[in-house]
1. For region 100-115, name all the residues that are outside any strand (DSSP E or B) and touching a residue at least 40 places away in the same chain (Cβ under 8 Å).
2. Test of understanding: among 29, 85, which residue is in contact with a helix residue (DSSP H, G or I) (Cβ under 9 Å, 6 or more places away or on another chain) and either of a type in the set (D, E, K, R) or surrounded by 18 or more Cβ atoms within 10 Å (Cβ to Cβ) (or both)?
3. Could you go through region 112-121 and let me know if any residue there is over 27 Å from residue 26 (Cβ atoms), in contact with a Pro (Cβ under 8 Å, 6 or more places away or on another chain) and among the aliphatic types (A, V, I, L, M).
4. Look through region 43-67, keep the residues that are outside any strand (DSSP E or B) and among the polar types (S, T, N, Q), and return whichever of them is surrounded by the fewest Cβ atoms within 10 Å (Cβ to Cβ).
5. I'd like the full set of residues that are among the aliphatic types (A, V, I, L, M) and out of contact with any Lys or Arg (no Cβ under 8 Å at 6 or more places or on another chain), limited to region 62-87.
6. When you scan region 91-108, how many residues do you find that are surrounded by 20 or more Cβ atoms within 10 Å (Cβ to Cβ) and either among the hydroxyl-bearing types (Ser, Thr, Tyr) or touching a helix residue (DSSP H, G or I) at 6+ places or on another chain (Cβ under 7 Å) (or both)?
7. Of all the residues that make up region 71-99, how many are more than 17 Å from residue 119 (Cα to Cα) and not in a loop (DSSP other than H, G, I, E, B)?
Amino acid sequence: MKLHLIAMPLFALVLAGCAASGPKFAQQEASTPKLGAEQGRVYFYRTDSMLGAAIQPQVMLDGATVGKSQPGGYFYVDAAPGSHEAVTSTEVSNKLSFALDKGEVKYVRTRVSMGLMAGHIVPELVGPDEAQKELATLSYTGGAKAN
């Protein structure tokens, strides 16, 4: 039997184990607490892709770990208004600085970028229309966290 006939399905199973699992966005949003009047909300998400699927670094907001960048997954953080910095790290750190107002919702997509030794996960701000379309197919990966 040829090795590639066995290896390809096994490789696909390993990568499938890397994808996020949990309730889909619409189902989870129905039970998501309303945003507090004195806070803003930041959704972090990563679309489902085979590219860099095994690379799943922690996501930090203002120096605290708030979740993990998982393919096909999302989570959110409620935070105080003001300046914030999101960071993901593999062999290098990638940073995104942004301001958040009371009652405001921001969307940060983490995407795979090719690196020298390994892929990098890069955080980037996304507009609400594009983010809502992408979030619709994603799975919730974490509990609500306050920062």
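The values are calculated or read from the model by the stated rules, or taken from the named source; none is laboratory data. Because the structure is a prediction, the values reported are computed rather than measured. Because the Cβ atoms are built from the backbone with ideal geometry, glycine has one as well, and the counts that use them run over all protein chains shown.
1. 101, 102, 103, 104
2. 29
3. no
4. Ranking the qualifying residues of region 43-67, first place goes to 49.
5. Selection gives 64, 80.
6. The number of residues fulfilling the criteria is 1.
7. Qualifying residue count, region 71-99: 16.
Listed here are the residues, each with its yes/no results for (1) in contact with a Ser or Thr (Cβ under 9 Å, 6 or more places away or on another chain); (2) at pLDDT 85 or above.
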residue	(1), (2)
15	no, no
20	yes, no
26	no, yes
49	no, no
59	yes, yes
67	yes, yes
